[in-house]
1. Please compute the contact order of the chain in relative form: average sequence separation of alpha-carbon pairs under 8 Å and at least six residues apart, divided by the residue count, as a percent.
2. Using only DSSP helix segments of four residues or longer, with each worth -39500 (n - 2.57), what per-residue ellipticity at 222 nm results for the chain after dividing by its residue count and rounding to 500?
3. Match the structure shown to one of the listed values (1) 1.22; (2) 1.00; (3) 1.31 of Cα Rg over 2.2 N^0.38 Å, computed from it, and give that label.
4. Along the Cα→Cβ direction, 7 angstrom out, place labels at Leu23 and Tyr7. What is the inter-label distance in nm?
Amino acid sequence: MATGFEYKVVKRSSIGCTSGEELERVLNEHAGKGWHLKAITTLKVTNQYGPHNDVLVTFERPHG
């Protein structure tokens with residue numbers, strides 16, 4: 001019996017070429033392990049290379 005949920009967050013940096021195909025691969029890879037997409041969040045980040053966006057992909061699955 002499931003006692004709640006567990007979560008996993010995958011960070012994908014948009015520096016370079018983060019394509020739709022790459023995101024699709026990540027989603028399918030985790031779905032094959034029982035993870036369900038919970039949210040996709042974009043964060044604006046500034047570092048020594050300048051401003052860019054990071055994408056956080058949050059997955060959820062029953063725990064237990």
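1. 52
2. Helices in the chain give a 222 nm mean residue ellipticity of -6000 deg cm²/dmol.
3. Structure-derived value, by its label: (3).
4. Reported label-point gap for Leu23 and Tyr7 is 2.0 nm.
No lab work stands behind these numbers, since they all come straight from the coordinates. Keep in mind it's a predicted model, so treat the numbers as computed, not measured. Note that each Cβ is placed from the backbone with ideal geometry, even for glycine, and that neighbours are counted across all protein chains shown.
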